[in-house]
1. Could you tell me whether Gly133 is touching a Phe, Trp or Tyr at 6+ places or on another chain (Cβ under 6 Å) and modelled with pLDDT of 95 or more?
2. Against the definition (in contact (Cβ under 8 Å) with a residue 24 or more places away in the chain and in a loop (DSSP other than H, G, I, E, B)), how does Ala114 come out, yes or no?
3. State yes or no: is Trp71 of a type in the set (Phe, Trp, Tyr), at pLDDT 90 or above, over 20 Å from Thr231 (Cβ atoms) and surrounded by fewer than 16 Cβ atoms within 10 Å (Cβ to Cβ)?
4. For Met128, state whether it is over 15 Å from the mean Cα position of the chain (by Cα), touching a residue at least 40 places away in the same chain (Cβ under 8 Å) and either crowded, with 20+ Cβ neighbours inside 10 Å or outside any loop (DSSP other than H, G, I, E, B) (or both).
5. If the Cβ limit is 7 Å and pairs must be 6+ apart or interchain, which residue in the range 210-239 that is in a loop (DSSP other than H, G, I, E, B) pairs with which residue that is of a type in the set (Phe, Trp, Tyr)?
6. Return the only residue of Asp245, Asp223 being surrounded by 17 or more Cβ atoms within 10 Å (Cβ to Cβ), at pLDDT 95 or above and in contact with a strand residue (DSSP E or B) (Cβ under 9 Å, 6 or more places away or on another chain).
7. Out of everything in the range 1-35 that is in contact with a helix residue (DSSP H, G or I) (Cβ under 8 Å, 6 or more places away or on another chain) and outside any helix (DSSP H, G or I), what residue ends up being modelled with the lowest pLDDT?
Amino acid sequence: MNTYSILNEEVLNHPLLQDYYSINQAEVLQLKWSLKREEIEKKAGMSWNIKDTRWIASVDISYPKIKDPTWGLACAVLWDYKTNKMLAHKMMKGDLKFPYLPGLLGFRETKLMAMTLLKLPEEPDVIMCDGHGLAHPLKFGEAVHLGIALNIPSFGVAKNPFYGISKWKELRRIKGIKTPIWPVEQEGNVNNDKTRILGHATCLANDRKPVFISQGFMLSLDDALRISLNTTLENRQPEPLFLADHLSREKLKK
């Protein structure tokens, strides 16, 4: 059982799960909670132990193929980390009121994601998002946003780079190969301070394009990489995320 949170409907009252903010208000909240994240993790000492992990939840949202969609279909997959198999999945259609803006995606999507995660039969120990975590200008990507709001360890696995410097184009497509993602301001001096690494571009399967993995909340980068590698079968993404994307897309087609 997750030691940080007991998921229930009350979590939906968290300020990070509201969708009525202006863009300026959202940016202020990101800065505020980014600093709070550092305080929370420092106080807790990043004490989450991957050995305690049984249930991994992945979550993704698919959109109808129309211009400026105002709704999406979320899919949450519950993955048994011990047997490396899916236990269950749940879907939920919902309105998306906040505009689509790079860097502020959490305010558009995490409310629907949280509502869908609540439908799973077991509370997840860790959540993986199809998006970024600390690899964000304010270190507050969607994986951080969702992890803090639900008080559950989290990390992001994105298909495309968003923020930071990385030599990902030079990666050989061999499982486990990785290269760091550094802050933009560290350009030209990228090898001197490894404590500032935002994440890693890594290939999770042979002959597949790299993905971009970064910490979200209360989980180390090493553990995020380990979970990603252990749950990847043959697709580019970890299987739980691949299924969340695949199942929601298939449902939309119908």
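1. On the way: touching a Phe, Trp or Tyr at 6+ places or on another chain (Cβ under 6 Å): yes; modelled with pLDDT of 95 or more: yes.
Answer is yes for this residue.
2. no
3. Working: of a type in the set (Phe, Trp, Tyr): yes; at pLDDT 90 or above: yes; over 20 Å from Thr231 (Cβ atoms): yes; surrounded by fewer than 16 Cβ atoms within 10 Å (Cβ to Cβ): yes.
Yes; evaluated as a whole, the condition is true for this residue.
4. On the way: over 15 Å from the mean Cα position of the chain (by Cα): no; touching a residue at least 40 places away in the same chain (Cβ under 8 Å): yes; either crowded, with 20+ Cβ neighbours inside 10 Å or outside any loop (DSSP other than H, G, I, E, B) (or both): yes.
Considered against the rule, which asks whether it is over 15 Å from the mean Cα position of the chain (by Cα), touching a residue at least 40 places away in the same chain (Cβ under 8 Å) and either crowded, with 20+ Cβ neighbours inside 10 Å or outside any loop (DSSP other than H, G, I, E, B) (or both), Met128 comes out as no.
5. Pairs that qualify, where the first residue is in a loop (DSSP other than H, G, I, E, B) and the partner is of a type in the set (Phe, Trp, Tyr), are Pro210/Trp168; Met218/Tyr4; Met218/Trp48; Leu219/Trp48; Leu219/Phe155; Thr231/Trp79; Asn235/Phe242.
6. Working: Asp223 fails: at pLDDT 95 or above.
Residue meeting the stated conditions: Asp245.
7. Looking at the filtered set, the residue picked out is Thr3.
Per-residue answers, yes or no, for (1) of a type in the set (Val, Ile, Thr); (2) touching a residue at least 60 places away in the same chain (Cβ under 8 Å):
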{"position": "Arg37", "(1), (2)": "no, yes"}
{"position": "Lys43", "(1), (2)": "no, no"}
{"position": "Thr53", "(1), (2)": "yes, yes"}
{"position": "Ser62", "(1), (2)": "no, yes"}
{"position": "Lys67", "(1), (2)": "no, no"}
{"position": "Thr70", "(1), (2)": "yes, no"}
{"position": "Val77", "(1), (2)": "yes, yes"}
{"position": "Lys82", "(1), (2)": "no, no"}
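The values are calculated or read from the model by the stated rules, or taken from the named source; none is laboratory data. Being a predicted model, the structure only gives us computed values, none of them experimental. Glycine also receives a Cβ, built like all others from the backbone with ideal geometry; neighbour counts cover every protein chain displayed.
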